[in-house]
Each structure stands twice: as C-alpha cells, then as structure tokens.
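Q: Got a structure for you, questions after.
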Amino acid sequence: MESLLSAIMSDLLSRALSTVIQRYRRSRAEEAEQNLQRLQRVLLRIDAAVEEAEGRHITNQAMLQQLETLRQGMYEGHFMLDTCRYRGHEHGDGNEGIGGHDAVLSRFSSAWRLLSFPIISSTENMQNTVLDAENLKMLEKMVDRLVTLMGDMAEFAVFLDGYPRIGRGPYSEYLVIDKVMFGRQMEKETVINFLLRSEADGGDGKPGVLPIVGAMRVGKSTLVEHGARLLLLNFFAGDDLGAENMVIKHQNLSASSCQRSLVVIELAGDIEDETWRSLYCSVARSLGRGSMIIITSRSEKIAALGTTQALRLKFLPQEAYWYLFKVLAFGSANPDDQPELVSLGMEIAGLHKGSFIPAHIVGSLMRANLNPKFWRRMLQVCRNIISKHLLMFGEHPEDLGAKGHPVYLQTMPKSQNVIVINNVYQMRSAQHSVPKMRTRDLILGRATCHGKFGVVEWSSSIPPYYTYLASCESLTAGCSTVRKKRPRQESTRVVLVAYSYYQSGSGQHHHDMPKITLNDAHIGKMETLLSAIMSDLLSRTLSTVIQRYRRSRAEEAEQNLQRLQRVLLRIDAAVEEAEGRHITNQAMLQQLETLRQGMYEGHFMLDTCRYRGHEHGDGNEGIGGHDAVLSRFSSAWRLLSFPIISSTENMQNTVLDAENLKMLEKMVDRLVTLMGDMAEFAVFLDGYPRIGRGPYSEYLVIDKVMFGRQMEKDTVINFLLRSEADGGDGKPGVLPIVGAMRVGKSTLVEHGARLLLLNFFAGDDLGAENMVIKHQNLSASSCQRSLVVIELAGDIEDETWRSLYCSVARSLGRGSMIIITSRSEKIAALGTTQALRLKFLPQEAYWYLFKVLAFGSANPDDQPELVSLGMEIAGLHKGSFIAAHIVGSLMRANLNPKFWRRMLQVCRNFVSKHLLMFGEHPEDLVAKGHPVYIQTMPKSQNVIVITNLYQKRSALHSVPKMRTRDLILGRATRHGKFGVVEWSSCIPPYYTYLASCESLTTGCSIVRKKRPRQELVF
C-alpha cells in the first residue's frame, strides 16, 4: 500500500512539475515573441527615418551625428533580429578547424558573443525554443534602447522637412554595393563640408589641411574621390614633389582667376617635418587663396599637420559589416527563404574582421552557389585559414597582411602545393594591364600555377576604380617562405606531493581510524578554525555584496551618461538649426539662449565625467594646492572633485558616490525637461528663413567669429533696425552697454553693425575725458538716420552728457541712435532702452571655447589626460578671452602631457602668487589697473612686471615684435622697460592688445604689497 501511494505521489509530482515547466517555457517564449515583434516594429521606424534622411541634403552637423546614431542602431537591431531568427539552425560541417569555432573567434571578435544565443529560428517555432534569462534581458535592452533612440528623434523629424531632397534611386538600388560607397555617409559629409568652405583654415590665405588617418585598404582614397566627385571634380595625376612613399594629386576647383585648388597627398607612412614644411610652402605659393590640401596616411602622426580636426577611418563595426555582407552573399535572393544559409553566412562574415575585399571575394563565390553544402565547405575553409595563421603566427591573416607579412591561401580542393601571397598592391584599372587569373579561381581550384605569378583579387566599380592585385608563389608541401614562430620549449614540470596523516605501509585501513579524545586544547583549536572559516565566509559575502552594489551603481552611472549624450545630441541639433535661421521672435531668442547654456553645462558635465578620472602627477601643486587656489574664485569647479570614470569602457570599475550621481541625474533630467519644453520652438523654427553660412565646425574656428554673444548681438541688431528711436519727439534712442574691461563691448557693437553692412570710421572728440566717439551714417536718404558710438572708460558728468546728447540730437536726423559703452554701472541710467550688461562667459561656455583653442585639429577624445589637464588650466583664468588665446595657442602647439603639466604648474603659481601677495586674482588686479607679475616656464633671475595694458587698431599703428608667449616660454629676454603684443584679434574692431612691461632683478619690485598685519595686544 505504501509503495502504491509512493508511486502515485511521485507520478502526480512529476506531472505537476512538468506542467509548471511547460507554462514557464511558454510564458518565456511568448515574452521573447513580443520583444521580437517590438524589435521589428521599431526597426521599421528607424529604416524609414534613415532612408528619408539619406534622401535629404542635410548640412546640420549635429543632425548628421544623429543620423549616424540611427544607422548604427539600425545595423545593431537587424543583427540582433537575424541572430534571433536564424542562429537556431544547426548545420553539420564535419570539420570545426583547429580549436573549433569559439577557439578562433575568441581571439579577435568579442562582438560575436551573441551567436551563442539558445534562440528560436523563426516566430513559427518560437514556442519550442526559449531564450535564457540573460539573453532575454539583452534582447529587452536592445528593444528599449532603440525605442528610446527613436523617441529622441522628434526634433530631427521636424527639422528634416526643411532640407531639400536629393534625386536618387530607391534604397534597394542604393544597397547594390558595386555602384556606391557603403557606410561612410558621416565621413563623406565631413570631406564635402571641408571642400565647400569659402575660406581655408590655414590663416592669412594659406591652404587649409584636412588629415585622413586609417589602416591599409580602409577606404581613404575612395572617400576623398567620392566626396570630390559629388562636387563634379575629376582628379588627375600630379607631380611627385620629392617626398618618399608619396603620391600627389592636384585638381583645379574653379576656372575663375581666384584659382581655388585642391591637392590630395597620399602617404604610406610618416613625413619628415622639414619635408612637410617645404611641401606646404611650395603649395601655398603656387595655389590661389582659399585652396585646400587633403593628406591621407596610415600613421597617426599626420593628424598634427591639419588646420582642422583629423578624420579617422575605421573598418565597419560587426553589425554594419553583416548588413553589407548579407547583400553581397545573397544578391537578389531572399535571405528569409533560406535560414540555414543566413546562419552559415553570419559565421563566415564574423571571420573577416570587417575587411571589404574578402567580403567581395567570398560574397561573390557564395552568391554564385546558394547551396548549403557549398557554404558549409566555405565556412570550413575560412576557419582553417584563420586558425592556421593564429596557431603559426599568433595573429589574424588580415593583421599580418596589413603589416606586409606573407600569408597562406586556403583552397577548397586539397592540393599538394601551398600558395603564399607575398605582396598585395593596387593600380588604376584603365592605366595598366592586369593578370587574367583571379583569387576566386585559385580558391575553387579552377586554376593551378607553379612558381611566382600574379592574380587579381577584386576590381572596384567606384572611384578611384582601383584593381587590387596580389603577388603569389606556389610551393611544394613542406616548403615555406613564411617565418614561423619559434616552437615553445617544454616547460619544467612541477610535481606537488601531498602527505597524509597515516602512511599507506602502516597496515591501517580507513575504517580502522583511531579514536580521538577532544580536550580543551583541541576545542580551542576547533573554535579558532571555525572563527577563521566564518571570518573568511563573511568577508567573501561582504565582498560579493559590495561588488554587486558597485556594479549596479556603475550601470546606473553608465545609463545616465548615455542619456546625457543622447539629449546633448538633440540640443546640439536644435541650437545649430536655430543659429542657421534669422529669428526675430524675442521669446524664441531667449529660448535659444537657454538651450545654449544647457548645451555648455551638459558638455562640461560630460567631459568632467569622461576625463577627470585621469590622474596626472605634476609635482608641484603650487602654494596651497589646486583646491586652495580654486576655492578662492571658482565655485563652479566643485564638479572636478568627482570620483568618476575616465571613459565608458572602464565604467564598471569606478563608481560615482551618491551625491555626484544625484548631480548627474539632476543634470540629465533638467536637460530632458528643457528639450521637452521646446516642442513649439522646433515647429516655429521652420517658418524663419535660413542664413547662408559654413558648417558648425567652421563656426567654432574662434579666430574668425565672435563666440558666445548671440543673444547680445541680436539685442544690438534689433535696436539698430528699429524704425523709430526710443527717445521720443524724434530724439535719438540710447542703448547703454555695461561691462568689465576686455569683456568684448567694442567687439559686440562693431560685429552687430557689420552684419548690417556698416563700416565705422573715427569721428571727432567732443571734449569728454576718456571718451572715444565713432560716427556712422546709416542711410543715404534725406532722412539721414545715423549711429553714434561713444566709448567711455568710466563715468561721464551729467552736464557733459546733457550737452553731448543735445549736440548729437541737433546734428543728426530723426530716428538716429546712440550706443554708449562703459565699465561703470552708472551709465545704465542714460539709456532710453534697457541697458545691456556684458559678463565674462560662464565656466561651462568658457571650457567649450578653451577646448577648441587648446586642441585645434586634434581630437580630445584620443587624449583624455590632456583634457583633464586642460580643464584645470581653463578654470584658473576666470573667463578671460585673451588668456584663453595666449595659453590655448601655447598648448595647441605642443600636445605633450609633460608640457601641459608644466603649463598647469605655471598657471597655478601665477594665480597663487598674487592671491598670497595681494589677496586677489591677477585678472581682478588687471581690471583695477594694478601691476601684475608674469610667470615664465623656465626659471629666471629677473622678474617681469606688467605695468600697463592698452589696445590699438592693428592697421593704424606699428606694434612691437615681441609677444607674451615668447616671454612665457623664455625665448626672449629683455632688460628695463619694453612693450609686448599679448594677442591680435582677427575680428572687428581688429584690436591688437599690448602690454607695457619692465624687467627687474630678483628682490626689486614696483608692485605695492599688502601691509603686514600688526600683532594685536590684548
């Protein structure tokens, strides 16, 4: 009876468990199906957005970055979808190669971890296969990320409607890869924007230089010629100007007398500094103003030669490469009809490391034979060739080929001969005869050769129409021209011997264990042992809990940083789109200013989180250290105490503390809310006309334009465009502009007026002390509306002002205007409209400017330590424009961490010295007319004191040849009194800023120190 009940209970229990498991699997399968359907729907939205955007001529650089983000999401989503659909199809291939699939892939491709999914092959049999918890979570994250990505594209879709369409064929025709360049849209726009600039970036009419850096056969020449041909340019070969391993091409960009030209220089490696200077000077002399140079190389060193940021080309990411490979391998066939081939194709594509030429060679072979048996054999061949090189040389054959190392060619039929590829090169298809044999014939065994011979690997159908060739050699088995790695010597074997309490020869057996009597000593030892075990278990438990906590905090920080990057991209696009429109709505201008401020703050936070984890030893912290100096004048830099990550790659190893993580979350939420409040702004923006200007990257070439004063500039322009003055009774309206010394008052007035095509000229001094008056006739009509600009150093007496105002009102026509600038707040009362107050840039906007000046054409993301140093240096200048230009030019000329650390030390010493001696920052002392010391990089026995600062118009006066940067670097020494040039501005009013200096011996000083405090007597 008991046996019967036991059997019944066992059967019931097994059935119950089976039912629970089946329901669990069904619910998991339904959840996976729902996520896959969501993935398909969001991918359809992304596909539509990408195709629509690629059919428009977009010039907004931030929108182009958003489009690139959409493309990358599209590739990743389709890769995930194909993985989930087809990776369940097993295919027996007999031979897994040496080490098998995972052994080979793990050496060079971490992206293919997705291929281990235990997943369904299609939605029809989804109920029979279930994703495990981890992979289902990965799928959910992918779907949520793509949904969020599309949610961030609301403004993108609105702005897109304002760009003209490009006439082209349908998207399926676009993906016929033999006819167009694939996957380089963002890079192509960069090249085109560089070529379309009206002025070169070299300065003084010299040619601008765009460096393009990338590995061999990554597509540098194709990118340049493809971008140029979209501008209807036809390249032709030029002369070699003497540099080794250099090809120079020259193209005339226009038939006008200006003769703007383009020179393309292709380098295999580096170029000597002397050779480059000679070549650049030669090109600058022989070409017209506004000409351009594009220089391509595999060496990273050429990035320093550019006058604009270098363009770095990389091979396609795995997802984009699969998108390309699938089209090449299937051609007109539908991949959905042959899921086993898709599964095989994904494995084959993952073996080529993103190389274009193997994609075309192998893809054409597979497209010609859509047979699973043939594709399995191709997979086996690809695995064998890679595993063979990994075992012999420790590197992938693509990496060996890039180094010029010979590689073996694997053929599908077995052969007694071994084919070695000794050299790979390229030539233009129309200019040379090429071999008739092709690499695909060797792989298929259709051709046999002996000795040395040449083959065609692939012929490109797009400019520059290269044919890629290989020099091969057929050797008998056992012979090889390839150097193998030295065999490993057999390592010494170490044997560990364990001794037991009882020797085996004692005759005792395990079941004859002696009795052990436990006394107090034994019990004490047992307690000690148990205590050690419990302590170890507790420490391990605590360590596990802490690691999980840190991991969750790191993941939270990573999510917030990714959200911050996405919302900043939206803000960048909105700001650039708005700055390209002529907006007259005052409320919208205020919204735009709010957006700009949010953009600066967001980028400052992002740079802080990215780079402040990079420690840099600078030896000398200055008097009182970094914090002691900064705390005296800059509360905004409290962010620099973040214990934060240096990049997203090592984010899991570093965690923000609770307070800083909360600050980051608040910043992200504030910017998301800010963009949410801009829905009407984006709609209204489409109704304003566009302003013709260069791309945003050119806008950030600070030497050419005024930075960070858009709102103030619009205020001045709106004041000048008013049809009636605000003075009443036809009297002139008055706009007061108040600001500190060198904050940019004159620059703002002249910049705003020059946008109205006004040219200032000097007028007469009407008798007021420390006053400069400029006069300009605003129109040639009888009305004679005029503008008078009065620049005051300080105040003006009420009687003097009334006399001056009445004189101007009598002599000027109705509707005339007066702009009065001063450092004194009292002049605000003289205005007939609200005074405009200029302040130095906030810390976030100043860093945005300083980073461009300090890095120039270099990419800050490639040098995180320099960014960390630069942020500290920028924080020491209190928003001074001139200091940014002087120090930024020194740093840009020497992108060396050691030099930047020394510059940080010099700036710290300069600030701390004046804080300790006078209790004020040197910028505040300068504003008061107080002499200040100059800190030089090399030690000197003399002390240089700046006694006076002043400015002149560059074209009207001769100026000293010595510059402040020469004094700082120690290149020039002077005795007694002398003058130096601090900085020359390239924008109106074209001031040259000068300083009167005096060199004194150590111990002497003309600077009045603070009186020492007297001891108090109680």
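Q: When Lys and Arg each count +1 and Asp and Glu each count -1, what net charge do the other residues less than 14 Å away from Ala477, Cβ to Cβ, add up to?
A: +1
Q: So if each residue of separation counts as 0.36 nm, and I subtract the Cα-Cα distance between Asp336 and Ala268, what length gain in nm does that give?
A: Separation in residues times 0.36 nm, less the Cα-Cα distance, equals 20.2 nm.
Q: Using 7 Å Cα-to-Cβ label points, what is the Asp47/Asp669 separation (nm, one decimal)?
A: My value for the distance between the label points is 3.9 nm.
Q: Tell me the net charge near Gly151. Cut-off is 14 Å between Cβ atoms, Gly151 excluded, with +1 for each Lys or Arg and -1 for each Asp or Glu.
A: Net charge around Gly151: +4.
Q: Next question. Each residue of region 336-353 in turn: what ³J(HN,Hα) in whole Hz from Karplus with 6.51, -1.76, 1.60 and θ = phi - 60°, glycine and Pro shown as x?
A: Couplings: 5, 7, 9, x, 5, 5, 5, 4, 5, x, 5, 5, 5, 4, x, 8, 9, 6 Hz.
Q: Now a separate question. Where in region 331-437 are there trypsin sites (Lys or Arg not before Pro) that are in a DSSP coil and have at most 14 other Cβ atoms within 10 angstrom of their Cβ?
A: Passing both the DSSP loop test and the Cβ count: Lys403, Lys414, Lys436.
Q: Note down the nm distance, to one decimal, between modelled labels 7 Å out along Cα→Cβ at Ala447 and at Asn894.
A: Placing both labels 7 Å along Cα→Cβ, they lie 5.8 nm apart.
Q: Give the separation of the Cα centroids, region 362-382 to region 803-848, in Å.
A: 77
Q: Going by amide H atoms built from the backbone, whose H comes under 5 Å of the H on Val418, apart from near neighbours?
A: Under 5 Å from the amide H of Val418 lie the amide H atoms of Leu475, Thr476, Ala477, each far enough along the sequence or on another chain.
Q: Roughly what would the spin-label model give for Lys373 and Ser552, points 7 Å off Cα along C-beta, in nm?
A: In this crude label model, Lys373 to Ser552 measures out at 5.7 nm.
Q: Taking R0 as 41 Å, what FRET efficiency do you get between Met186 and Arg971 from their Cβ-Cβ distance, rounded to the nearest 0.05?
A: Efficiency, rounded to the nearest 0.05: 0.50.
Q: Taking the mean number of other Cβ atoms within 10 Å as a proxy for protection, how do you rank 311-317, 530-536 from highest to lowest?
A: Descending packing order for the listed peptides: 311-317, 530-536.
Q: Go ahead and run the numbers for FRET between Lys141 and Glu579, Cβ-Cβ distance against an R0 of 45 Å, rounding to 0.05.
A: After rounding, the FRET efficiency stands at 0.80.
Q: Still on this model: What FRET efficiency would be calculated for the residue pair Met937, Gln426, taking the C-beta separation as r and a Förster radius of 45 Å, to the nearest 0.05?
A: 0.40
Q: Something else now. Arranged from highest to lowest average of other beta-carbon atoms within 10 Å per residue, in what order do the peptides 321-328, 333-340 appear?
A: So the order, starting with the most tightly packed, is 321-328, 333-340.
Q: Still on this structure, I have one more. Between Ser535 and Gln416, 0.36 nm times their residue separation minus their Cα-Cα distance comes to what?
A: Stretched fully, the Ser535-Gln416 segment lengthens by 36.3 nm.
Q: Separate question: I need the peptides 570-580, 135-145 ranked by packing, meaning the mean over residues of other C-beta atoms within 10 angstrom, with the highest value on top.
A: Going by the mean number of other Cβ atoms within 10 Å, highest first, we get 570-580, 135-145.
Q: Same structure, new question: Given the pairs Lys137/Lys662; Lys928/Lys977; Lys745/Lys952; Lys878/Lys913; Lys314/Lys403, which are separated by over 19 angstrom at their Cα positions?
A: The answer is Lys137/Lys662; Lys928/Lys977.
Q: Taking region 869-986 on its own, what percent of its Cα-Cα pair distances exceed 24 Å?
A: Above the 24 Å cut-off, region 869-986 has 25 percent of its Cα pairs.
Q: Note the full-extension length gain between Cys806 and Lys436 as 0.36 nm times their separation in residues minus their Cα-Cα distance, in nm to one decimal.
A: 124.0 nm
Q: Within a Cβ distance under 11 Å of Gly219, other residues only, what is the Lys/Arg minus Asp/Glu net charge?
A: Here the charged neighbours net out to +3.
All of the numbers you see were taken from the coordinates with simple rules; none came from a lab. Bear in mind the structure is a predicted one, so any value in this text is a computation, not a measurement. Please note: Cβ atoms are built from the backbone with ideal geometry, for glycine as well, and neighbour counts cover all protein chains shown.
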